[in-house]
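Scroll down for the structure; my scribbles are underneath it.
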Amino acid sequence: MAALFSHTELPAGFHYPQRLIEIAQDNAPLGSGSWWLIGEMPDYASRCLQHVRQQFPDQQLIPFAKNDDEEVLACFDGKDRSDNPRVYFDTFRYTTTVPWEERYYVSFAEWLDLAQST
């Protein structure tokens, strides 16, 4: 089972989408592409959480998946309390040039469709 962050590590009131919990529990692959759940490597996941908290302290990002081909980290918007939270990207290479308003998918469901189709 891929680990998810505990409630004490998450912003107050945030909860993971049920579909992500099911994927993590089943150890199901995200697709045939290069996206994978960072919870498969708990130490790496902790480093990712520390990274986004240091780099973007006002964003309340919760990293959950990575695309190795593009060096992109998918992160939930920790301020989104819906069952289908917005997904932001930390692109590592373009951190200073891409504004936050251009770094997201509308929802987790939309992101999951992308991850499973690539």
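The values are calculated or read from the model by the stated rules, or taken from the named source; none is laboratory data. If you're wondering where the values come from, they're calculated on a predicted model, not measured in any experiment. With ideal geometry, Cβ positions are generated from the backbone for all residues, glycine too; neighbour counts draw on all protein chains shown.
Computed values, structure above
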item: Residue 44 vs. criteria part of a helix (DSSP H, G or I) and among the hydroxyl-bearing types (Ser, Thr, Tyr); result: yes
item: Residue 74 being touching a Leu at 6+ places or on another chain (Cβ under 7 Å), assigned to a strand (DSSP E or B) and at pLDDT 90 or above; result: no
item: Residues that are at pLDDT below 75, assigned to a helix (DSSP H, G or I) and either surrounded by 15 or more Cβ atoms within 10 Å (Cβ to Cβ) or touching a strand residue (DSSP E or B) at 6+ places or on another chain (Cβ under 8 Å) (or both), drawn from segment 84-118; result: 100
item: Any chance residue 6 is loosely packed, with under 13 Cβ neighbours inside 10 Å and closer than 16 Å to residue 115 by Cβ; result: no
